[in-house]
1. Could you count how many residues in the stretch 118-141 are open to solvent by 40 Å² or more (accessible area, probe 1.4 Å), without any contact (Cβ under 8 Å) to a residue 60 or more places away in the chain and more than 17 Å from residue 74 (Cα to Cα)?
2. Is there a residue in the stretch 155-163 that is free of Cβ contacts under 8 Å to residues at least 40 places away in the same chain and open to solvent by less than 10 Å² (accessible area, probe 1.4 Å)?
3. Can you say whether residue 112 is closer than 30 Å to residue 51 by Cβ, buried (at least 19 other Cβ atoms within 10 Å of the Cβ) and modelled with pLDDT under 90, as far as the supplied structure shows?
4. Is it the case that residue 147 is open to solvent by 40 Å² or more (accessible area, probe 1.4 Å), on the phi < 0 side of the Ramachandran plot and touching a residue at least 24 places away in the same chain (Cβ under 8 Å)?
5. What pairs come out if I take residues in the stretch 72-100 that are without any contact (Cβ under 8 Å) to a residue 40 or more places away in the chain and pair them with residues that are among the hydrophobic types (A, V, I, L, M, F, W, C) and open to solvent by 50 Å² or more (accessible area, probe 1.4 Å) whose C-beta lies under 6 Å away, six or more apart or interchain?
Amino acid sequence: MRYRAGVGVASGARSVSRPVPARCRGRRGPPAAGFGAARRGYPRCVTSTTSQQELFRFLEDRFACAQACTACARASALRASLVGPDGTEEQELVRRKGIVCAEVCDATCRVLSEDNRVDEAGIRVQVEWCRTVCLETAHVFDRHPGAEDGAAVCRACAQACTDFLQTLQ
């Protein structure tokens with residue numbers, strides 16, 4: 001049994017045939033437990049059109065979440081840098097939340113964009129943590145004049161995280 005890489009590539013592009021991975025040989029039908037059976041956060045095998053579509057959605061949502069995390073990390077770091085360290089208590093809270101949000105979003109982006117052998121449970125915990133921190137940061141930014149754009153980016157990141165978590169189920 002063989003599968004073709006390059007599905008959905010531009011016309012004229014060359015498809016490459018590769019052997020089926022050893023962990024998929026002899027399997028018929030969709031993976032036993034869906035994405036939950038996967039190690040390292042990926043579906044175990046792609047054996048049907050439906051599971052290929054699920055894989056594409058999984059990868060698209062994962063990439064969208066990573067992109068949103070990158071945008072949120074930038075916006076949060078920028079907002080934190082605009083607040084002086086000797087400001088009021090509220091300004092210090094904005095600064096601290098912005099720094100934490102930037103660090104968490106950056107770490108989440110790295111987990112989602114690198115093949116770092118993190119299992120699905122580890123990815124789920126990281127993405128849930130990112131979603132929580134983004135929402136908390138958005139609430140803090142809402143109370144600070146001029147930080148509305150940063151709050152919107154944080155909320156968009158939290159929504160992308162939510163969408164990706166639904167794909168994992």
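1. 7
2. yes
3. On the way: closer than 30 Å to residue 51 by Cβ: yes; buried (at least 19 other Cβ atoms within 10 Å of the Cβ): yes; modelled with pLDDT under 90: yes.
Yes; evaluated as a whole, the condition is true for this residue.
4. no
5. 80/99
The values are calculated or read from the model by the stated rules, or taken from the named source; none is laboratory data. Here the structure is a predicted model, which is why all the values come from computation and not from measurement. Quick reminder, even Gly has a Cβ in these numbers, built from the backbone with ideal geometry, and neighbours come from all protein chains shown. We work out accessible area using only protein heavy atoms, side chains counted, and drop any ligands, DNA or RNA first. Shrake-Rupley method; radii C 1.70, N 1.55, O 1.52, S 1.80 Å.
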